[in-house]
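What follows is one structure encoded as structure tokens, with my remarks underneath.
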Amino acid sequence: MSASVSRRAVLAGTAAVVAAGAAATAGTAPAAASPAATGRHRPKPTIVLVHGAFADATGWSDVITRLTRDGYPVVAPANPLRGVASDAAYLRSFLATLTGPIVLAGHSYGGFVITNAATGNPNVKALVYIAAFAPAFDESVGGLANLYPGTQLDPATAIDFRPWDGGVDGYVKKDVFRQIFAGDLPRSTTDVMWATQRPGDVSTLQDHSGEPAWATIPSYFLVAKNDNLIPAAVQRFMAARAKAYTVEVKASHVAMISQPGATADLIRKAAR
């Protein structure tokens, strides 16, 4: 064998070894790591809390404290309480300013509003009803509240009507406020709640719902068993109809105030 032939054989063999090694390396190279494999998690959804009539967003304070401690971004916008269509339009516009997944929770009439505002919004991943109205199409607050016996919010005896240029506002009377609204809170607390209540336009009692978001979005329901505004039987009916995951607590109408731990737990479950 000549020296030139020998050199060519050595070079060819070396090239083959290098090529084989490269192929082996390519075959065993790890694929791009998935977020789960690297321990990265999806961002937590934004929790949006919507209050009802005769209240304001401060009713969510203890729930907000618990959720933010767990790292959830939380906002509790003011509910205008001017009527179902305009209140839902306001909330719908507010939700449009948020990015990423949303869990939408409503208390009392706030449930009526989230039911209408979330329809068609792909970012809303869950609805949470806290002693709230969850209407079907064409239902009203007044009709649902009286679906079963038990509500003590009789407009003829329990509401003070105060006209203004654009309509008539309703306030719960002081002598029945605690009994109807918050019987499991100290009177000193409910006296302040009465004095600072935000009224609802009386049209909210008769306005009818549009198509319900709970028909297409997973729902969760906290039933307040001692509720004197929305009877527990009505809450159970709405929860069952929406096929909602349901828990029950011994609480007055303001369950998010008297039972903030149970309320936050249910919202966390919806957010997972």
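The values are calculated or read from the model by the stated rules, or taken from the named source; none is laboratory data. Everything numeric here is computed off the predicted structure, so don't read it as measured data. No Cβ is skipped: glycine too gets one built from the backbone with ideal geometry, and neighbour counts run over all protein chains shown.
Hey, does region 152-162 have a residue that's over 27 Å from Asp265 (Cβ atoms), of a type outside the set (Asp, Glu) and surrounded by 23 or more Cβ atoms within 10 Å (Cβ to Cβ)?
At the first step, the residues of region 152-162 found to be over 27 Å from Asp265 (Cβ atoms) are 152-162.
With the extra rule that they be of a type outside the set (Asp, Glu), the set shrinks to 152-153, 155-159, 161-162.
Now restrict to residues that are surrounded by 23 or more Cβ atoms within 10 Å (Cβ to Cβ): 153.
Within region 152-162, one or more residues are over 27 Å from Asp265 (Cβ atoms), of a type outside the set (Asp, Glu) and surrounded by 23 or more Cβ atoms within 10 Å (Cβ to Cβ).
Quick check: is even one residue across region 58-65 under 13 Å from the mean Cα position of the chain (by Cα), part of a loop (DSSP other than H, G, I, E, B) and buried (at least 20 other Cβ atoms within 10 Å of the Cβ)?
Restricting attention to region 58-65, the residues satisfying the condition of being under 13 Å from the mean Cα position of the chain (by Cα) are 60, 63-64.
When the remaining residues are screened for being part of a loop (DSSP other than H, G, I, E, B), the result is none.
So far as region 58-65 goes, no, none of its residues is under 13 Å from the mean Cα position of the chain (by Cα), part of a loop (DSSP other than H, G, I, E, B) and buried (at least 20 other Cβ atoms within 10 Å of the Cβ).
Condition check ((1) surrounded by 15 or more Cβ atoms within 10 Å (Cβ to Cβ); (2) farther than 14 Å from Ile230 by Cα) across all residues:
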| site | (1), (2) |
| --- | --- |
| Ser140 | yes, no |
| Pro149 | no, no |
| Val172 | yes, yes |
| Asp175 | no, yes |
| Val192 | no, yes |
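Which of the following residues is out of contact with any Gly (no Cβ under 7 Å at 6 or more places or on another chain), at pLDDT below 95 and of a type in the set (D, E, K, R): Asp265, Asp165?
Values: Asp265 fails: at pLDDT below 95.
Within the list Asp265, Asp165, the selection yields Asp165.
Mind telling me which of the residues Asp169, Asp184 ends up being in contact with a Pro (Cβ under 9 Å, 6 or more places away or on another chain) and among the acidic types (Asp, Glu)?
Details: Asp184 fails: in contact with a Pro (Cβ under 9 Å, 6 or more places away or on another chain).
Testing whether each residue is in contact with a Pro (Cβ under 9 Å, 6 or more places away or on another chain) and among the acidic types (Asp, Glu) leaves just Asp169.
Has region 238-257 got any residue that is among the aromatic types (Phe, Trp, Tyr), touching a Ser or Thr at 6+ places or on another chain (Cβ under 7 Å) and at pLDDT 95 or above? Break it down stepwise before answering.
The initial filter retains those residues of region 238-257 that are among the aromatic types (Phe, Trp, Tyr), namely 245.
From what is left, the residues that are touching a Ser or Thr at 6+ places or on another chain (Cβ under 7 Å) are none.
No; the residues of region 238-257 include none that is among the aromatic types (Phe, Trp, Tyr), touching a Ser or Thr at 6+ places or on another chain (Cβ under 7 Å) and at pLDDT 95 or above.
May I ask you to verify whether Ile180 is surrounded by 17 or more Cβ atoms within 10 Å (Cβ to Cβ) and over 26 Å from the mean Cα position of the chain (by Cα)? Working first, answer last.
On the way: surrounded by 17 or more Cβ atoms within 10 Å (Cβ to Cβ): yes; over 26 Å from the mean Cα position of the chain (by Cα): no.
For Ile180, the condition - surrounded by 17 or more Cβ atoms within 10 Å (Cβ to Cβ) and over 26 Å from the mean Cα position of the chain (by Cα) - is not met.
Restricting to region 103-134, give me the number of residues that are more than 11 Å from the chain's Cα centre (by Cα) and within 16 Å of Val223 (Cβ to Cβ).
The total comes to 5.
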